[in-house]
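For reference, the structure discussed in these notes is given below.
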């Protein structure tokens with residue numbers, strides 16, 4: 001069985017196929033954007049935020065690479081938790 005299509009029928013089929021793909025992609029994008037309203041996020045408690053008035057640390061206060069890595073990881077982790085700007089105010093070493 002041989003199908004004979006002319007150029008314009010081929011363009012019509014191609015455009016229809018492209019339209020279907022874009023409609024499906026749009027549906028997937030909308031579904032993903034609606035998930036933020038459906039999924040309940042755990043919000044951090046206000047008592048976890050230390051509101052003491054400590055003097056912020058500066059780059060000169062950081063003594064070694066481990067201290068710098070600890071400050072960066074802590075600030076990135078806390079930023080992803082609260083989605084607001086974060087400032088590291090103190091660093092202390094915990095020894096066992």
Has segment 71-78 got any residue that is outside any helix (DSSP H, G or I) and at pLDDT below 85?
no
Residue 58 being modelled with pLDDT of 65 or more and assigned by TED's automatic domain parsing to the domain that holds residue 74
yes
Show the residue pairs that are 6+ apart or on different chains and have beta-carbon atoms under 8 Å apart, the first residue being within segment 61-77 and not assigned by TED's automatic domain parsing to the domain that holds residue 87, the second being assigned to a helix (DSSP H, G or I) and exposed (fewer than 11 other Cβ atoms within 10 Å of the Cβ).
none
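The values are calculated or read from the model by the stated rules, or taken from the named source; none is laboratory data. Worth saying up front: this structure is predicted, and the values here are computed from it rather than measured. All Cβ positions, even for glycine, are placed from backbone atoms using ideal geometry, and neighbour counts span all protein chains on display.
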